[in-house]
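No value in this document is a laboratory result; all are computed from the given coordinates. Just so you know, these numbers come straight off a predicted model, no measurement behind them. Backbone-built Cβ (ideal geometry, glycine too); neighbour counts: all protein chains shown.
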Amino acid sequence: MNYFLHLGIYACIYSIVAMSLNLAVGYCGLLTLAHAGYFAIGAYTYALVSVKLGWGFLPAVGLGMAIASVASLAVSMSAWRFKGDFFVMLSLAVQSLLFSLFYNWFKADADFGTWANLTNGPFGIAGIPKPNIFGLQFQTIGSIALLAAVLAIACGVICWLLVSSPWGRLLKAMRDDELVARGLGKNTRFVKMQVMAIACAMAALAGSIYAGYVSYIDPSAATLDESILFVCMILVGGVGNFKGPLVGAVLLIALPEVLRFVAIPDAIAANVRLGIYGLCLVAIAHFRQQGIAGEYRIE
Amino acid sequence: MLQILANGIITGGIIAVMALAFTVVYLPTRIFYIALGGVYAIVPFLAWTGLQWGWAWYVAVAFALVIGVMLSLGCELLNHAWLEEKNASSGTHLVSSLGIYIIVVQAIAIIWGNETKVLRQGVDGVFNLAGVTLTQAQVGGAAIALLTIGSFYLWLQSTKLGLEFRALADNKNELALRGFSIQKLRLVAFGIAGLLSSIAALLVSWDVGFDPQGGLAALLLAVVASIIGGSQSFFGAVLGGILLGILRSQVVWFLSAQWSEAASFAILALFLVLRPQGLLGQKLRLESES
Amino acid sequence: MNNIIVKQSTRTNTKMSETSSVLMRFYNLFIQYGAQKILDGVSGELCQGDFICLIGANGSGKTSFMNALAGYLEPNSGGIVLLDNADSKSFTFPRSLWQRLNIFDGFTPEFFATIGRIGKTWQGGRSFATLSILDNIVVATADQLGENPLWSLLMPKRVRRQELKQRRAAIAALVKFGLDGRENSSADKVSLGQGMRVAILRVLWTCARILLLDEPLAGLDAEGKAVVIALLQELKASGMTIVIVEHVFNLPHVLDLATAVWKLENGKLLVEDAAMVNAELRRSLDHSDRVWLEELAGDRGSITDIELDGGAVLSIVSPNGVEFGQPILEVQNLGVMRGNRQVLSNISFTLYAGQIAVLFAPNGYGKTSLLDAIAGLLPCSGRVLLNGKPIHRLSAWERVERGISLMRARDNIFPNLKVREMLWLSGVADPPDNIQPFLEKQVSALSGGEKQRVVLACTHGRSSILQMMDEPFGALDAIGVKEVREMIEFGGQKVYLIALPANISGEKT
C-alpha cells in the first residue's frame, strides 16, 4: 500500500511540474531546459527556512514560489530576443547557472544556511521536516499523499481557470501569431514574463513538496538530466491540453518501475531510463509531433 | 595580463572550432544540431579505447575522427533528412536532435561509465614565450585549431564545393534550381560539422580530460559564441569563439573558475541587449515577411 | 459605422481644412540592409483624414516603410513623431543604450498601437487560426481586466461582465460587416474575403485612428473587393486616417478614394497627386501583355485561352500547322497547400514544344506557388509529367537535370556571392557585356536593375526544354522588358510558361 502511495506522491509532484511546463511550452512555445533549477529553488527554500528558521509549510512554499517567480526573469528575458531553437540554448545557460549556484555556494568550514554557505554544496541539506500547516503535522505517508493530491488538484484547477480566461485566449493568440498580437497593442513580452513566473512558481511548489517528503535535497535535483526528464515528460505526453501533461507525468513514474521488473543492473538503470526517453523523443518527432495525448504540435 | 590574454585566445580558438561546427550546419539548413554535443562527447571515449587497445596515438585519433564523422553523417541520413522530407518544423528537428543527443550520452555512460577520464598521463611540458607560459597541450591545441579554421576557410573560398556550400547558405532554392543536389551538400555540412567538433573534443580532452556530460556544455559555448559573433556568417562564429574565450579567461582570473558559467551568461545577456545581431551580424529583416 | 471605431471628426471637410491635425511625422528615415539602401532619407507627415496610397516597384521598400511606421522595424537613422493634440512622443534613431534598456518606453509595435493608435493589417488577413471569429475580435479589446492573470482569478465576476459586454458588441459589429452566423467558426475555416474583413474589424476594435493596410485586396474575388472597398469608403467618411499599399492592378479602385499618393523610388519619397497617378495608371494598364502575345502570334500562330480554377486564364500561343507530338509538360490535377490553406486545386493543362503559355492571374492567386510546385520547390498533390515521364516525385535539382528551368520573381539571388560566382553556378561561361563591369562585386551591393540583369543572364546558362518565368517584367524598365520579350523564342524546341499579373477575367479596368 505504501508503495502505491509513494508512487502517487511522485505522480502528483510531477503532474504539477508537467502542468507548469504545459503553460510555458504548450501555450507560449517556450521549450525551457531550466525547469529543474526552479524545482530546486522551491526545494532548497523550503529546506532552509524550515530547518533554519522553523517556518511552517505554507509560508516556506510561498517564499519559494516568490523567489522562483523573480528568478524566472532570467528565462523570460531570454525569450524577448529569441524564440524557438536559440531560446532552448539560452535556457540551458540559465540551467547551468542555477546548477552552479546550488553546487558552488558552499564553504566547507561554515555551517549551511549562512550567507557563506547557503546550500551546503554537494553535501545537500538533510533532516528536512515533514510539512506542517498551522500546527497540523503531516507525518505519515498517507497524509502527505493527501496533501500532494490536494495541491496537485488545486494547481490543475488554477491552470484550467487561467487557460479559459481572457488571459488564456491572449496566450493562444500569441502562440498563433505573435507579431499580429503585438500590433493589436498586446505587450507580449510582459505576458511571457507572467507565464514563466507562474510556471516557475509551480515548479517551486512541486520542489517544496518533494523536499518535504524525501527530507533530503542536494544539487542532483537541479541537474540538466532532471530538466531533460521534465522536458521529455511533456513532449512525450503532449502539451496544449490537460490530458497530455498527465499522461506524461504518469509515464515518468511508470517507466522506472517497469524497468525494475526487467532486471537492469542498478548502475545503469538511470542511464537506460534516460536513453529510452531519448528514443521516445526521436519517435515522437518523427511520427507524432503532438505527443501521445497532446494537442499542440511543436513549431 | 598577457598570460590571461594568451590563455583566452587559445581556449577561444577551440571554442571557435566548435562554434564553426555548429554554424556549418545551422546556416545552410537552419537545423539546430544539438546531437553535435553527442558527437563531441563520444569521440574522446573512442580515442581512449583505441589507446587502451594499444594503438598508436595517430591511429586512435584517426579512428575516433572517422567514427565521429560517420555518426554525424548518420544523424543527417537517418534522422534529419527524413524529417526534411516530411517538411518538419525546426522545433521538430530540434526535439529529434535532443533525443539523439540523450541516446548517445546514455550509451556512452552505459559502455564506459560516468567518471571523468584522461587521454594522457603525467605532467605537460611547458614553453616560455615572451614571458607567457604555455603548456604543450595549449600550444598544440592552438596550432591545430588555427590549422583547422584556416583549412576550412581555404576550402570555403577557393574550392568548387566550398562555393556550392556558400551558395547553399545563401539561397537553397536557387541553388537547387541550378541543378545542384541539396541532399549531397547537406551531407557535406554534417560531415564537416562532425569533423570539426571531433577535433575540438580531442583538443579539449587532451588538455583537461573528458566525461559523458561535456557535450552539451561545449555546444552551449559554441552557440553563445555564434550569437555573439553574429549567427549569419561563418566568420562570425569564429570571432565570437575567440572573444568568448578571452572574456571567460578574464573572469576566471578575477573571480574564480566556478563563476565561468555565470560569466558566459552575463556576456550573452550584454550582447543581447546592446547588439542582438552579434558583432558581424546585420540588421535582420522582419521575420514575419513571407 | 458603430461608435467603437473612431471619434467622429469635428470638421466637415477634411481634405480642404487648413487646420488638419498632424498625427504622425517622420523625417530623414534611413533603412539599410547590409549594402542595400531601402530608404534613403524619407520625410513626410500624416494628417487626420488622409487617405494615402503608397506605391512603388517591387522591393522598393514599401513594406519596410510601413513596418517602420507601425513600430516593427527600427530605421538606421531618422526620427518618427507621434502626435495627439497637445502630446507628442518622438523617437530618434538609432536608439541610445538607455532607450533600449528602458522596457517601458520602447519603439515597439504594441506601443505604437496603444499610444499612437496605429493599426496594421497584413496581407491575407492573418487571423488567429486557433481562435473563433468572435474571439479574434474580442481579443483585440484594449485594457481587458481578464488579461491580467491575477485579476482573472481574483475578480472573476467583473471579468465576466466585461467579457460579455465585449462579446455582445462584437457580435453586433460582425453583423454589420456581413459576418453574422460565423461568430463561432474557427478563423482558419473562413474565406479569404471574410478573413480580411475580420482582420480589419479586429484592428478597428483597438480604437485605432491610423490604419496601415498591406494589400487588403490581394487574392479577393470581385465581390470580396467590392465589400472591402465599400468598407474603406465608410472608414474614410468617418475620418479615419489610412495608408494603403496595393498591387498595381488593384490601385485604380483605391486611388479614387486617395487624398494623396506617396511614391517610393530609389529610397526617396515623392508626394504626387492622386488624380494624376490614377489617370496615368489607367493608361498603362492597357493589356500591353496581351498585345505582345498577339504580336508574337502574328500570322504564324494562334492563341487559345483556357480558364483555370480560381479565376486565372492560361493563354497559349501555338505555332500554326505543326503536328504536336508528345507533350513536353503535362500537369494533372495539381493542388498546392500553404500551411492550412489550399492555395491551388484542380489545375490541369498540357503544353507542347514551340508553345508559349502565359498564366494571367490576379495577385494572391498562387502563380508563384504553381511555378514553384512544377519546379519541385513546393510539395503538391496531383501529377506532373515531363516528356511523358512523371517528375512529381523528383527533387528540384533532379527536375532541373531533366530540363526544367525557373526564373523566380523574388528571393532569386545569392546575396553574399560575387556576380562572377553566381554566374558560374548557373553555368554561364561567357558573361554578357552589360555585366562585365560589375563581375567582382557582391551581388547584394548591386542596384535593382543590375541585379535583374544578372538574374536574366543566369537563365542562359543551362539549356532547358521547359523555361518558366515568374513575373519577369516586374522590376524592369521599357528597355529591359523589350530585352526579355526578345529572348523568348516562339515555335522552337522549348516551351515557355510565364506567369503575369492580371485582373480577374471579366473585370474591366
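How big is the antiparallel share of DSSP beta bridges in the protein assembly as shown, given as a percent to the nearest 5?
So the antiparallel bridges amount to about 65 percent of the total.
Suppose R0 equals 41 Å. What FRET efficiency, 1/(1 + (r/R0)^6) with r the Cβ-Cβ distance, do residue C:27 and residue C:161 give to the nearest 0.05?
0.35
When the Karplus curve 6.51 cos²θ - 1.76 cosθ + 1.60 is applied with θ = phi - 60°, which whole-Hz ³J(HN,Hα) does each residue of the range C:90-98 get, with x for Gly and Pro?
10, 10, 10, 10, x, 6, 6, 4, 4
Amide H of residue C:406: which non-local residues (sequence gap of 5 or more, or other chain) have their own amide H closer than 5 Å, using H built in the peptide plane?
C:468
As an exercise, identify the chymotrypsin sites (Phe, Trp or Tyr not before Pro) in the range C:318-425 lying in DSSP coil whose Cβ has no more than 14 other Cβ atoms within 10 Å.
Passing sites in the range C:318-425 are C:324.
Specify whether the C-alpha gyration tensor of the range B:50-93 places it in the rounded, prolate or oblate class, a ≥ b ≥ c being the square roots of the eigenvalues: rounded for a/c under 1.5, otherwise prolate if a/b is larger than b/c and oblate if not.
Prolate is the answer for the range B:50-93, as a/c is 1.5 or above and a/b outweighs b/c.
Report relative contact order for the range A:2-221 in percent, whole number only (criteria: Cα-Cα under 8 Å, sequence separation at least 6).
42
With springs only between Cα atoms under 10 Å apart, run a GNM on chain A and tell me which of A:32, A:119, A:140 wobbles the most.
A:140
On the Cα set of the range A:58-144, report Rg and Dmax in Å, please.
17.2, 48
With a 10 Å Cβ neighbour count serving as the proxy for reagent exposure, in which order, fewest first, do A:266, C:289 appear?
A:266, C:289
Would you mind giving the three semi-axes, in whole Å and largest first, of the ellipsoid equivalent to the range C:358-441 according to its Cα gyration tensor?
Output for the range C:358-441: semi-axes of 29, 17, 11 Å.
I'd like the mean, over residues of A:268-279, of how many other protein chain beta carbons sit within 10 Å of each residue's own Cβ.
That works out to 5 on average.
Scale the Cα Rg of the range A:3-88 by the rule-of-thumb value 2.2 N^0.38 Å and send over the ratio, two decimals.
1.26
What shape does the range A:124-195 take by its C-alpha gyration tensor, where a ≥ b ≥ c are the square roots of the eigenvalues and a/c under 1.5 counts as rounded, a/b above b/c as prolate, and the rest as oblate?
It is prolate, given that a/c is not under 1.5 and a/b is the larger ratio.
Which of the peptides A:46-55, C:85-94 is most tightly packed, and how do the rest follow, going by the mean number of other Cβ atoms within 10 Å of each residue?
A:46-55, C:85-94
Mind listing the Cα extents of the range B:6-152 along all three principal axes, in Å, largest one first?
Over the range B:6-152, Cα extents along the principal axes are 57, 34, 24 Å.
Okay, helix-only estimate at 222 nm for the protein assembly as shown: each DSSP H run of n ≥ 4 adds -39500 (n - 2.57), divide by all residues, round to 500 deg cm²/dmol; what do you get?
When only DSSP H runs of four or more count, the value is -16500 deg cm²/dmol.
Take the alpha carbon gyration tensor of the range A:2-221, find the square roots of its eigenvalues, order them as a ≥ b ≥ c, and report rounded if a/c is under 1.5; if not, report prolate when a/b exceeds b/c, else oblate.
Here the range A:2-221 falls in the oblate category.
Among B:101, B:33, B:58, which one shows the biggest mean-square fluctuation in a GNM of chain B, springs joining Cα atoms closer than 10 Å?
Maximum fluctuation in the GNM of chain B, among the listed residues, is at B:58.
Between the range A:65-105 and the range C:400-452, how many Å separate their Cα centres?
Each part reduced to its Cα centre gives a spacing of 45 Å.
Can you compute log10 of I(q)/I(0) for chain C with the Debye formula, treating each Cα as one identical point scatterer, at q = 0.08, 0.09, 0.13 Å⁻¹?
One equal scatterer on each Cα of chain C leads to -0.59, -0.75, -1.37.
Run the quick spin-label model on residue C:482 and residue A:288: label points 7 Å from Cα toward the beta carbon, then report their separation in nm to one decimal.
Between residue C:482 and residue A:288, the label points sit 6.6 nm apart.
Order these peptides, C:252-261, B:248-257, C:465-474, by their mean beta-carbon neighbour count within 10 angstrom, highest first.
So the order, starting with the most tightly packed, is C:465-474, C:252-261, B:248-257.
Treat the range B:96-255 as a sphere of radius equal to its Kirkwood radius over Cα pairs and apply Stokes-Einstein at 37 °C in a medium of 0.692 mPa s; give the translational diffusion coefficient in µm²/s, rounded to a whole number.
Value of D from the Cα-based Kirkwood radius: 179 µm²/s.
Can you figure out the FRET efficiency of residue C:445 with residue B:115, using R₀ = 51 Å and their beta-carbon distance, to the nearest 0.05?
0.40
Within 10 Å, count the other beta carbons around each residue, average over each peptide in A:21-28, B:48-55, and list them highest first.
Result, highest mean first: A:21-28, B:48-55.
Return the single residue from A:257, A:178, A:226 with maximal mean-square fluctuation; model: Gaussian network over chain A, springs between Cα atoms under 10 Å.
Top of the fluctuation ranking is A:257.
With each label point set 7 Å from Cα along the Cα-Cβ vector, what nm distance links residue C:248 and residue C:192?
1.9
What is the set of long-range amide H partners of residue C:73 at a cut-off below 5 Å, with H atoms built 1.01 Å from backbone N?
Under 5 Å from the amide H of residue C:73 lie the amide H atoms of C:68, each far enough along the sequence or on another chain.
Contour minus end-to-end for residue A:190 and residue A:297, with contour as 0.36 nm per residue of separation and end-to-end as the Cα-Cα distance?
36.1 nm
Of all the stretches in chain C, which is the longest one without any exposed loop site, taking GluC sites (Glu not before Pro) in a DSSP loop (any state but H, G, I, E, B) with at most 16 other Cβ atoms within 10 Å?
Formally, the longest exposed-site-free interval is C:19-322.
With 48 Å as the cut-off, how large is the P(r) tail for the protein assembly as shown, expressed as percent of Cα-Cα pairs?
Of the Cα pairs, 35 percent sit more than 48 Å apart.
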